[in-house]
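Inspection log for the structure reproduced underneath, given as structure tokens.
The values are calculated or read from the model by the stated rules, or taken from the named source; none is laboratory data. Because the structure is predicted, anything quoted here is derived from the model rather than measured. Cβ coordinates were reconstructed from backbone atoms using ideal geometry, including for glycine residues, and neighbour counts include every protein chain displayed.
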Amino acid sequence: MTSCHNTSTAVIEESKGVKRVALLGMPNTGKSTFFNRITGTTAHVGNWPGITVDLLQANVQLNGEPTEFVDLPGIYDLKGFSDDEKIVKTFLENFAVDLFILVLNASQIDSQIRLALQVKSLGLPAVLMLNMADEAKQYGVKINTELLSDNLDMPVLLISAKYGDGYMRAYLEISKTLKAQEQSINIDNLKTRLSEHSSISTKEIDSVLNGAVEMPSEMAVNLTARIDKLLLHPILGLPLFFLGMFLVFWVVWTVGLPSQDLMDDMTGWIQGA
């Protein structure tokens, strides 16, 4: 049975014997969608202004034990100064966590992998979910999850939280990793690491992505962007849509129907032969 309620970082209570899993990721990566799927609840999607933010919390059974899931606000950087980034930092400094589920956009992995490297540098136990894998494939992004996992020293999985692709494998990996985690993060040590944490260099990013990730060529990206810009134009988009529909019907009437008559004649001739 799953239960869910909102709670702020100031009132999240430590529960003896209950492991805690926190979802961490950039905004608009499908983090809350994955939270909904794994907990069976409906999370409030979006960020809230101000320093005090309600965090969505759900208690579920994982590995036959009660496990607490917390959906943290979407952030871009653990060293950032936005309200949401302050909330996440406050959470990390005050509440023990057994495992982090890091959710990033697979199609933007080259620009989002920095957050995964920050998690790695802090020594946080994590499983990396590369969401929107279907879109990444469509855009021509190729990811070798095994090599990337070795480079990051954490499990890496391709998923589609929206459609459920790869979900069962992700669920089993989370269960396995959490079960192997013998103790929660030492909060005092983490505070020190957060205060001394340095920025991730471009060289580190390139080293992790090299051989593991293949991004589409700039030419292909620019071409796709130009086509999207034209078809989604606020003025030209609608006329182009109707033009496309007209061409489809024109092809059906001028090519499809005569071809159908020709096929009927050929079929009749073959049957009569």
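Okay, residues lined up against (1) part of a helix (DSSP H, G or I); (2) assigned by TED's automatic domain parsing to the domain that holds GLN108; (3) at pLDDT 70 or above; (4) within 23 Å of the chain's Cα centre (by Cα):
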residue	(1), (2), (3), (4)
SER198	no, yes, yes, no
ILE205	yes, yes, yes, yes
VAL208	yes, yes, yes, yes
THR224	yes, no, no, yes
ILE227	yes, no, yes, no
HIS233	no, no, yes, no
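Those helices (runs of 4 or more DSSP H) of the stretch 87-190 in which 3 or more residues are of a type in the set (Lys, Arg) occupy 167-180.
Looking at this structure, is GLU65 surrounded by fewer than 18 Cβ atoms within 10 Å (Cβ to Cβ), of a type outside the set (Val, Ile, Thr) and over 22 Å from ASN131 (Cα atoms)?
yes
Answer yes if at least one residue in the stretch 56-68 is within 18 Å of the chain's Cα centre (by Cα) and either outside any loop (DSSP other than H, G, I, E, B) or modelled with pLDDT of 85 or more (or both), and no otherwise. For the stretch 56-68, residues within 18 Å of the chain's Cα centre (by Cα) and either outside any loop (DSSP other than H, G, I, E, B) or modelled with pLDDT of 85 or more (or both): present.
Is it the case, given these coordinates, that LYS176 is of a type in the set (D, E, K, R), assigned by TED's automatic domain parsing to the domain that holds ASN105 and modelled with pLDDT of 90 or more? Spell out the reasoning first.
Values: of a type in the set (D, E, K, R): yes; assigned by TED's automatic domain parsing to the domain that holds ASN105: yes; modelled with pLDDT of 90 or more: yes.
Considered against the rule, which asks whether it is of a type in the set (D, E, K, R), assigned by TED's automatic domain parsing to the domain that holds ASN105 and modelled with pLDDT of 90 or more, LYS176 comes out as yes.
Flag set for ARG169, criterion: closer than 24 Å to ASN63 by Cα and of a type in the set (D, E, K, R).
Each row is one residue, and each column tells you yes or no for (1) surrounded by fewer than 19 Cβ atoms within 10 Å (Cβ to Cβ); (2) in contact (Cβ under 8 Å) with a residue 12 or more places away in the chain.
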position	(1), (2)
GLY123	yes, yes
LEU128	no, yes
LYS137	yes, no
VAL141	no, yes
LEU148	no, yes
VAL156	no, yes
